[in-house]
Each structure stands twice: as structure tokens, then as C-alpha cells.
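What follows is a single structure, written as C-alpha cells, with notes after it.
Just so it is clear, none of the values below were taken in a lab; they were calculated from the coordinates. These numbers come from a predicted model, not from an experiment. A quick note on method: Cβ atoms are made from the backbone with ideal geometry, for glycine too, and the neighbour counts reach across all protein chains shown.
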Amino acid sequence: MQTKAAKRYAAALHSFARQRGLTAEILRQLEEFAGLWQDSPELRQVMQSPRIERSRKANILQAVGSRLEFSQPLMNLCNLLLDKGRLEILPALFREFEALEDMAAGRARAHCLVAHPLTEEQLGKLRQKLIKISGAKDVLLTLETDPSLLAGFVVSIDGKIIDGSLKGRLHRLQRRLAR
């Protein structure tokens, strides 16, 4: 249910932001607020507590919005989420908004596990192959080193997993031999 609500709110906010050229600004603000929400158990506890009056929560939200320099549309959305008791969907709303903006910009995001750090040349070649595979205009790569792969890489992009690791090849060979 949380994801459905986050998708609906993100779609409405994204549509509004695109019409007014505010997507980059709102994306940055959402990212900051979602990070603060995730990193501050105290903030979550206060904002979700039924014992604390709505007016006090609104004042706290206003202070956070001022500190993070929220645009008025985002402040309005946050107040609506407060009224509906749905502030906890903020991290999911951010991810959905980011995905909508990536789609609109023709970007894909990929997470890549590598056995050893890649050189700039290898990184460029990998990015070009992923652009070709995904059909995206650009690919934003997140790299993570995992020596247990032995060699090669494992990429997750657009819900697909591409296993080009030595560990994966050995596992596939083991399965074939077991048949």
C-alpha cells in the first residue's frame, strides 16, 4: 500500500514539477528530506506520534522545510502527507520521483559489483555496453567491490541481472555438470 501511495504522489508531484521546470530542484529537496527522515529516528518518532498535536508537527515540518529550503510545491505536499498521516512514505516517494525523472531524461541506473576496482577505460566500456543493452541515453553506475566474485562483474539494470563474474560462470558450470 505504501508503494502505491508513493507512486501516486510522486507522479502528481513530478507532473507538476515538469510543467514548471522544477524537477531538479524538487528532486534535490526530496533527496535531502528523505535522507533526513531515514537518518533521524527522533524526527520519525515525533512526526508519527499520535500524542503530539498536528499543529506542533506542522511547526516542526515548517522548520525542517525552511532549513532545507523547500519549494512551495514540496512544502504543500509535505503538509498534505502530514494531514493524511503518510509522512513515512517519503523515502519511497523520493525513489519513485527519481525513477520518473530518470525515465523522462532517458537515463538508466545500474548497480555493478566488481571483483576489483575498474580503470577509467574499463568503466567507460562498461557504461557504453550498458547504454547499448538498456537503450538509454545515459547510464548512472554505482560501483561496489566484492572480491568473492574472483573476476568479472555482476550488473543489475532495469530489473535485469547480468552475471559476467568468474564465480557465476563456475556456478553455472557446476549446475551443468550436476545434470
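Quick look at the numbers
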| quantity | calculated |
| --- | --- |
| Relative contact order of the chain, pairs being alpha-carbon contacts under 8 Å that are 6 or more residues apart, as % | 22 percent |
| Tail fraction, Cα-Cα pairs, the chain, threshold 31 Å, whole percent | 36 percent |
| Of Lys4/Lys160; Lys7/Lys125; Lys57/Lys137; Lys84/Lys137; Lys57/Lys160, those spanning more than 31 Å from alpha-carbon to alpha-carbon | Lys7/Lys125; Lys57/Lys137; Lys84/Lys137; Lys57/Lys160 |
| Trypsin sites (Lys or Arg not before Pro) within segment 41-78: DSSP coil, no more than 14 neighbouring Cβ in 10 Å | Arg51 |
| Two-decimal log10 I(q)/I(0) for segment 78-151, as the Debye equation yields it once each C-alpha is a single scatterer, q = 0.25 Å⁻¹ | -1.09 |
| For segment 2-102, radius of gyration divided by Kirkwood radius, i.e. Rg to Rh on alpha-carbons | 0.94 |
| Fewest-first sequence of His171, His111, His14 by Cβ atoms within 10 Å of each Cβ | His171, His111, His14 |
| Helix-only [θ]222 nm of the chain, DSSP H runs n ≥ 4, -39500 (n - 2.57) each, per residue, nearest 500 | -21000 deg cm²/dmol |
| Karplus 3J(HN,Hα) series, Hz, for segment 137-142 with 6.51 cos²θ - 1.76 cosθ + 1.60 (x for Gly, Pro) | 6, 8, 10, 9, 9, 10 |
